[in-house]
1. For the stretch 148-182, enumerate the residues that are more than 27 Å from PRO77 (Cβ to Cβ) and loosely packed, with under 15 Cβ neighbours inside 10 Å.
2. Identify, by number, the condition in (1) closer than 30 Å to PRO77 by Cβ; (2) surrounded by fewer than 16 Cβ atoms within 10 Å (Cβ to Cβ); (3) of a type in the set (A, V, I, L, M) that LEU187 doesn't meet.
3. If I go through the stretch 348-397 residue by residue, how many of them are exposed (fewer than 15 other Cβ atoms within 10 Å of the Cβ) and outside any helix (DSSP H, G or I)?
4. I'm told TYR205 meets every condition in (1) within 14 Å of TRP254 (Cβ to Cβ); (2) more than 16 Å from the chain's Cα centre (by Cα) except one. Can you identify the failing condition by its number?
5. Could you tell me which of the residues TRP290, TRP254 is closer than 27 Å to VAL593 by Cα, at pLDDT below 70 and surrounded by 14 or more Cβ atoms within 10 Å (Cβ to Cβ)?
6. Return the pair list, or none, for Cβ contacts closer than 8 Å from residues in the stretch 151-180 that are without any contact (Cβ under 8 Å) to a residue 40 or more places away in the chain and of a type in the set (A, V, I, L, M) to residues that are open to solvent by less than 70 Å² (accessible area, probe 1.4 Å) and outside any helix (DSSP H, G or I), at least 6 apart or on different chains.
7. Within the stretch 575-612, can you find the residues that are at pLDDT below 85 and surrounded by 12 or more Cβ atoms within 10 Å (Cβ to Cβ)?
Amino acid sequence: MANPTNNSEPPNADEQMNNKRRRKKSIVWEHFTIETVDSGCTRARCMQCKKSFAYISGSKLAGTSHLKRHIALGICPVSRINQKNGEVLALTPHSSVNGTQDVNDLPRKRLKSTSGSNHTSFFQDRCRYDIAKMIIMHEYPLDMVECPAFLNSVRALQPQFPVVALDAIERDCVGLYQRERQTLLDLIGSVPGRVNLSLDMWSTYQSVGYAFITGQFIDDDWKLHRRILAVVLLPFPDSESAFNHAILSCISDWNLENKLFAVTLDESFANKALQVPSAKSLVLDDQTQWNTTYHMLIAACELKEVFSCLDTFDSNYRITLTMDEWKQLDVLCTFLKLLLDAANLLTGPTYPTANAFFHEAWKIQLELKHAAVSDDAFIRNLTRPMHERFNRYWKDCSLVFSIAVVMDPRFKMKLVEFSFSRIYGEDADHWVKVVSDGVHDLFLDYVVQMLPPPTFVVNGDGGFLKTDMPEEETILHCEILDTEVPENEIFLSTSDELSDFDVYISGMTSHQNMKPELDQYLEESVLPRMQEFDVLGWWKLNRKKYPILSKMASDILCIPVSTVSQDSVFDITCKKMDRYRCSLRPSTVEALVCAKDWLQHGSSSSDYLASKTVVKMEL
């Protein structure tokens, strides 16, 4: 008969307890052995670190809570090493005969459970992913994983979760960034059109700077995407080659050598030309947000009767404006409103296509031009420096904006003709022709790009060279390019010369009324003007009708009109990197900034977690 006090196996409850109370075997005995010290003392020894713990002393039972904590919380040094190596120790409880469970270390109220074993799954990798995502999305410091309050919270929620070291969570954040980067890289590689870049500069508390490079493109489903592609450290941000280095590194990293279309740079216009000179100042505006000046002044103009009698209620009020000064404020608000309306296009939930900005830009140019030569000295002096700055901006960008609005079927060249006649007067025809020539030259570039490379073969009968391009396609492309159709590259020499003539007549008859896509598009009537119009949706529906022109429209319409994000449109101060992020490695800064931007647009990383190890715990 076996000895009931066999030390080689974990004790059964009725064998260890003299009170004959029957207890179920705890899961900790998968990690501990029982050793009898003497007749009145039994201890538990960890199978990994060999440390001994109290278990039974006389009539007292120490329980298993401290044994569980030794394993589950990573107190055991050997267990902690194994966890760092990816070996997770599962404290998976066994079902008991009566369906209850050993919960000595849980609150007493948890003992009241329904019959049957209640399990949930603990995904360690999923938890690590969520912590990394939380840090990225909320811009928490990486070392929060070592904060005692955070550790206490995690242990209370999940005692089995091992402590995450600082370098480990940094690797998790960078790993999440790399997975999201590959997804975005695949998306950019699959888009049929090109990619436009914009470059914004951030300063730091040190002498270095950071270039934020944002990519904008339209996918195969005609959806506009705007993503931060790179955050590049600039050791010498004031050097002439600083921006070139940033752009070239981004082009190389994202394989944009043959896909780049345009680059939008920060020209300091947003920081200086929008500041209108004003001798008056109230405490209600925010000196870092130029739009608040407009809101402050417009409210003051509406309540100007209140200011006229304010001194009777407030003895500290010493300012009294004349009626002429109030009129000057009205004028100032009129021009500020033009700038505010233009800037508001960039603050919406979605980034606008390039065609939308032409309407606001040409109105600003027209109003400032007229105001700069006004008979009113105040208006003239106020707007002349503004017009000088904006006119330089208009000369640099008007052609791009004009071509973009031509790609809007509601306006085409008609709005260019209308607006230019009001801006340039007698010189309007010249500037309209500049836009028209620019559109046609750009279209011809796309035609050439889409021409298949010619392959010549020698005909055995007559020795003629012939391209493998189909007849109809060759004739059409030659008509678009306004060149003659090379007969010896189209027709085979046969014994029946008249059969070649029949083919020639047939081809010319079928194409004699065909026009290039651009001319056909421009000659068609403009669409009725409507406020809510999806220009990308229209090109998606008409891409088969205009296969070449639609590719051109896709690239033009996704040109960014500003380098700043929606939440920084009205900022006057230069954006500055905080001290904490400046202390991180540049690669980590890029990972944190880019990953946050990408996760805000949806994540695909959850698929990565589907096949990871599951650790089950009992509630």
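1. GLN178, GLN182
2. If we test LEU187 against (1) closer than 30 Å to PRO77 by Cβ; (2) surrounded by fewer than 16 Cβ atoms within 10 Å (Cβ to Cβ); (3) of a type in the set (A, V, I, L, M), just (1) comes out false.
3. Count: 6.
4. For TYR205, the exception is condition (1).
5. Working: TRP254 fails: at pLDDT below 70.
The unique qualifying residue is TRP290.
6. Listed pairs, sorted by first residue: VAL154/PHE161.
7. LYS575, LYS576, MET577, SER603, SER604, SER605, TYR608, LEU609, LYS612 - these are the residues of the stretch 575-612 that are at pLDDT below 85 and surrounded by 12 or more Cβ atoms within 10 Å (Cβ to Cβ).
For (1) modelled with pLDDT of 50 or more; (2) closer than 30 Å to ASN152 by Cβ; (3) open to solvent by 80 Å² or more (accessible area, probe 1.4 Å), each residue gets a yes or a no:
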position	(1), (2), (3)
MET1	no, no, yes
GLU9	no, no, yes
ASP14	no, no, no
GLU35	yes, no, no
SER39	yes, no, yes
LYS51	yes, yes, yes
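The values are calculated or read from the model by the stated rules, or taken from the named source; none is laboratory data. Values in this document were obtained by computation on a predicted structure and should not be read as measured data. Every residue, glycine as well, gets a Cβ built from its backbone with ideal geometry; the counts of neighbours run over all protein chains shown. Just so you know, the surface numbers come from the protein's heavy atoms only, side chains and all, with ligands and any DNA or RNA stripped out. Shrake-Rupley method; radii C 1.70, N 1.55, O 1.52, S 1.80 Å.
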